[in-house]
Amino acid sequence: GPLIYESDNIVVENFKSVDSVNIWTALHIVASDNIIMRHVNISDGLVNSRGSSVNFFANHYFTVSDVNTTHKHGFDISNEVVNVPIGRVTRDTSYGTFINCRFEGYHPLQGYPTKRIHEGLKFIDTEFIPSRVEKGAYGVRLQKAGEVIFDNCIFGNENVVTRFNMIIGDTRKLTISNSKFINTKYKESLASSIYIY
């Protein structure tokens, strides 16, 4: 899909990528600032492959609203670029708000920074819906974050058993309010709605 790289003042609106089974990742926005993304619907991709519906790496100062994903890793804010010593692409994903989104996939939202930490992330009225049963299933996984806020969010799927609704690692401040965790269970090992390590 489209690739936006090291750019500023971006608006992505009314973007759809559906029913294209051969697309690896439908939308890439990387190492960019001042981003507005709204009314986005992505429901395609190679179902049994790795990759994400949306790759959103190393971006700063953004608002993501009314975005729906339904395949693979859903929305990925990781910074997976390695062996690059300097430059925007080595940054974390920070200073952004997600509003009224629905992230669905094997791993609906994940963040694995390789250089620094995610700072100032807010999730408001957002759903994190695992789409299949597996030992490592989760709704949200964030590693190395500064301050993260979840308000009025839903974690889990009524129809899919989830081992972890949320996995949080090495996070300085986590605030969860008015949120719902559902269907947390796994037959072969321990399960937890919120797993902090």
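The values are calculated or read from the model by the stated rules, or taken from the named source; none is laboratory data. Note that the coordinates shown come from a computational prediction; the quantities given were computed from them, not determined experimentally. Cβ sites come from the backbone with ideal geometry, for glycine too, and all protein chains shown count toward neighbours. The area values use the complete protein model at the heavy-atom level, side chains included, leaving out ligands, DNA and RNA. Shrake-Rupley method; radii C 1.70, N 1.55, O 1.52, S 1.80 Å.
Pairs please, first residue from region 160-174 and more than 17 Å from P113 (Cα to Cα), second anywhere and open to solvent by less than 20 Å² (accessible area, probe 1.4 Å) and outside any strand (DSSP E or B), Cβ atoms under 6 Å, 6+ apart in sequence or on different chains.
Taking only residues 6 or more apart or on different chains, the pairs are T162/A137; T162/G156; R163/A137; N165/G156.
Which one of the conditions (1) modelled with pLDDT under 80; (2) of a type outside the set (F, W, Y); (3) under 22 Å from A58 (Cβ atoms) does G136 fail to meet, given that it meets all the rest?
Only one criterion is unmet by G136, namely (3).
Could you list, in sequence order, the residues of region 60-95 that are assigned to a strand (DSSP E or B) and closer than 21 Å to V18 by Cα?
V64, S65, D66, V67, N68, T69, K72, F75, D76
Taking the residues in region 45-66 that are surrounded by fewer than 19 Cβ atoms within 10 Å (Cβ to Cβ) and more than 15 Å from the chain's Cα centre (by Cα) as candidates, determine which candidate is modelled with the highest pLDDT.
Ranking the qualifying residues of region 45-66, first place goes to Y61.
Suppose we filter region 162-191 for residues that are of a type in the set (V, I, T), open to solvent by 50 Å² or more (accessible area, probe 1.4 Å) and not in a strand (DSSP E or B); how many remain?
Final tally of qualifying residues: 0.
Can you name the residue in region 113-129 that is open to solvent by less than 20 Å² (accessible area, probe 1.4 Å) and in a loop (DSSP other than H, G, I, E, B) and is also nearest to N68 (Cα to Cα) among such residues? Spell out the reasoning first.
Narrowing region 113-129 to residues open to solvent by less than 20 Å² (accessible area, probe 1.4 Å): 113, 118, 121, 123, 126, 128-129.
Subsequent filtering for residues that are in a loop (DSSP other than H, G, I, E, B) retains 113, 126.
Values: P113: 23, T126: 10 Å.
Top of the filtered list is T126.
Name the residue, out of T93, T69, that is modelled with pLDDT under 95, open to solvent by less than 10 Å² (accessible area, probe 1.4 Å) and touching an Asp or Glu at 6+ places or on another chain (Cβ under 8 Å).
Working: T93 fails: touching an Asp or Glu at 6+ places or on another chain (Cβ under 8 Å).
Going through T93, T69 in turn, just one is modelled with pLDDT under 95, open to solvent by less than 10 Å² (accessible area, probe 1.4 Å) and touching an Asp or Glu at 6+ places or on another chain (Cβ under 8 Å): T69.
Run Q110 past the list (1) assigned to a loop (DSSP other than H, G, I, E, B); (2) in contact (Cβ under 8 Å) with a residue 12 or more places away in the chain and report the number of the one that doesn't hold.
(1)
Collect the residues in region 130-142 that are under 27 Å from R38 (Cβ atoms) and open to solvent by less than 50 Å² (accessible area, probe 1.4 Å), keeping them in residue-number order.
The initial filter retains those residues of region 130-142 that are under 27 Å from R38 (Cβ atoms), namely 130-131, 138-142.
The answer is P130, S131, Y138, G139, V140, L142.
Among the numbered criteria (1) open to solvent by less than 30 Å² (accessible area, probe 1.4 Å); (2) modelled with pLDDT of 85 or more; (3) over 15 Å from the mean Cα position of the chain (by Cα); (4) not small (G, A, S), which single criterion is violated by N9?
(1)
If I filter region 96-107 down to residues being open to solvent by 20 Å² or more (accessible area, probe 1.4 Å) and part of a strand (DSSP E or B), which single residue comes out as modelled with the lowest pLDDT?
Out of the qualifying residues, it is E104.
Just for region 144-161: of the residues that are over 19 Å from D92 (Cβ atoms) and among the β-branched types (V, I, T), which one is surrounded by the most Cβ atoms within 10 Å (Cβ to Cβ)?
I154
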